[in-house]
Each structure stands twice: as C-alpha cells, then as structure tokens.
1. With the Cα gyration tensor of segment 56-110 in hand, give its eigenvalues times 5 under a square root as the equivalent ellipsoid semi-axes, listed largest first in whole angstrom.
2. Expected output is a single nm value to one decimal: the length gained when fully extending between Ser27 and Gln106, i.e. 0.36 nm times separation in residues minus the C-alpha distance. What is it?
Amino acid sequence: MEQKVLRKRNNQFAIRLSDSELALWNSKQSASGLGKTEFFLKMLKSTRIKVYSFNESLKLLYNELRHIGGNLNQAAYLVNIDRFEAAAMEIDMMFNEFEEAMRRFQKFIDNPMINATVIDVPAKKDGD
C-alpha cells in the first residue's frame, strides 16, 4: 500500500495583475531562471518593505499649495481686468508663500521617513 506524501506547501495565494504588471512579473521571473514559486519565495524572503505614513504637516503643506493656486487664479483675474498693480501685489504675496512652502517641501524631501515602518522579517532557512 502506497503512503500518501503530505505537501509541505499546502496554501495557495492568488493576486490580480494588470497586463503590464504580468508582463513585468513574467520577464523578471523568466530572467531569474527560477520557477514561479521559487521566484516568489526568493522575492518574499529577501525584500525590505518601507511603509510611509504622512503626518498632518504634509497635509497642511498640500493645502497651502492649493491655496497658492487660488492666489494665482486671483492674480490672473486682476490682470484680465487691467488691475496690474493689484495683480503684482498678489503675485508678490503668492511668491513668498510659495517659497516658504517649497522650503518645507524640500525639508520633507531631504528626510521623507515620517512615521515610516520598515517591514524586515528575518527569513527562515529553506528547510524551515
């Protein structure tokens, strides 16, 4: 009588990909020379994932940039009704706000890891 061999991997995992994502997957998996499962496991075990959670200050910066866009519309309106001095004052004010927002944005770009989490679980050995 033949004994039944229990599969070590008995869980399935399914995902949906766009055509371009599937082409990328197939290209990388094929270039690796590994089977699909082996390729996925190698990716899973050797990848570091960074998850960014942006705080309120970045949301406020976004709102400031939207406000500056409104100021730009106001300046364009003033130019269209021949109020050039008022438009120039509006543009000066907007430029100062824009410079400050860009300084804050550059500070974020220089150090974007606000409330970041790095998911880096040590991989188990292949026999585990």
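1. Result for segment 56-110: semi-axes of 26, 11, 6 Å.
2. In short, 24.8 nm is gained.
Taken together, the values in this text are just the output of simple stated rules run on the coordinates, not laboratory data. Note that this is a predicted model, so its numbers are computed, not measured.
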